[in-house]
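The values are calculated or read from the model by the stated rules, or taken from the named source; none is laboratory data. Bear in mind the structure is a predicted one, so any value in this text is a computation, not a measurement. We place every Cβ from the backbone using ideal geometry, glycine too, and count neighbours over all the protein chains shown.
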Ligand code: UD1
């Protein structure tokens with residue numbers, strides 16, 4: 001098989017590395033990096049630590065509006081897909097690069113496997129939900145990480161090509177957690193004791209682009225009477241500066257640059273609690289048995305909330321303060337997310353599906369007809 005994988009931002013790199021390792025045992029993978037994330041601290045360090053192969057193509061799209069990012073990726077990816085003639089174009093998760101890659105592959109009649117299909121928060125105001133829904137409906141193979149994802153797809157009549165595979169992010173945590181434990185020096189560097197601190201991240205547009213929500217979260221952080229390590233995404237940094245650094249005067253909140261994958265695993269594993277609006281981190285906390293408070297109104301990882309390990313509480317100051325104090329259920333295991341072999345399963349399904357009779361691909365030139 002010849003496969004193009006399209007990646008663009010931090011969470012993609014983590015998912016793609018697990019699939020890449022498996023694919024490259026027998027098949028040819030061409031990696032396209034869209035350049036949606038371009039800062040070293042959001043980008044290169046992940047490639048290095050996770051040993052993601054060097055991209056064959058770097059599209060360099062960088063920041064921009066949703067239309068600019070999506071459009072530029074489509075324009076640049078089109079030439080590559082036409083030239084490489086892959087059997088599949090794999091896309092991951094729910095970011096703008098995922099949507100752009102899927103749209104372009106679909107226009108060129110190349111089949112799309114979507115890794116992490118079926119996630120829904122049923123809130124069309126979030127860019128990720130728009131991306132997830134459209135990509136699932138464009139894809140030929142839907143690799144759903146959990147049973148709830150399979151059920152979500154069923155509600156939209158997406159049953160053909162749907163497979164429950166387990167979660168590649170769980171594979172990644174199981175693969176890398178001991179390396180992270182050994183190699184990350186972040187606790188020593190920040191003078192932290194296990195269980196002696198909280199870790200926090202905030203980056204979603206729905207939080208950072210809403211002044212009331214962002215200042216409420218920052219106010220809650222400043223009132224928490226425990227040390228909080230807060231790696232700050234560039235978008236969040238700018239939004240906090242625009243608020244005049246509001247409410248961060250308590251001395252308990254330590255704002256640091258975004259950290260590497262290994263440092264984040266180590267921080268989350270050793271923290272008493274995570275506070276976040278990230279989808280991926282809610283899961284990683286669950287895999288590492290650390291309780292989580294999620295500053296979102298809706299969520300697509302119900303397994304973590306049902307298990308009593310994750311409280312979905314929005315951005316109200318008092319709700320955050322109460323949630324931080326509340327006792328948690330002990331997290332036993334994460335077997336709703338598979339057995340750590342999701343990537344192997346996905347590649348085996350791809351092989352099986354590739355052996356089916358296919359219509360000729362890329363017969364169209366890519367130009368539209370009037
Ligand atoms: C994107 C994804 C989000 C994912 C997140 C992981 C979309 C719609 N959102 O959000 O789902 O959880 O990645 O981090 O695709 N920026 C930099 N340096 C960079 C990258 C971005 O400074 O390397 C700044 C840009 O100026 C930009 C802002 O951060 O304005 C947002 O970047 P963007 O890639 O659009 O989305 P994320 O917020 O990172």
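Some observations on this one:
- Annotation: residue 60 fulfils all but one of (1) surrounded by 18 or more Cβ atoms within 10 Å (Cβ to Cβ); (2) in a loop (DSSP other than H, G, I, E, B); (3) within 16 Å of the ligand (Cβ to nearest atom); the unmet one is (1).
- Scanning segment 31-52 for residues that are more than 10 Å from the ligand (Cβ to nearest atom) and buried (at least 16 other Cβ atoms within 10 Å of the Cβ) gives 31, 32, 33, 45, 46, 47, 49, 50, 52.
- Flag if residue 130 is in contact with a helix residue (DSSP H, G or I) (Cβ under 9 Å, 6 or more places away or on another chain), free of Cβ contacts under 8 Å to residues at least 12 places away in the same chain and surrounded by fewer than 24 Cβ atoms within 10 Å (Cβ to Cβ): no
- Residue in segment 93-117 that is surrounded by the fewest Cβ atoms within 10 Å (Cβ to Cβ), counting only those that are within 15 Å of residue 141 (Cα to Cα) and more than 16 Å from the ligand (Cβ to nearest atom): 109
- In segment 141-233, counting only strands (runs of 3 or more DSSP E) that sit wholly within it, the ones holding 3 or more residues that are closer than 26 Å to residue 256 by Cβ and in the same structural domain as residue 272 (by TED's automatic domain parsing) span 198-201, 228-231.
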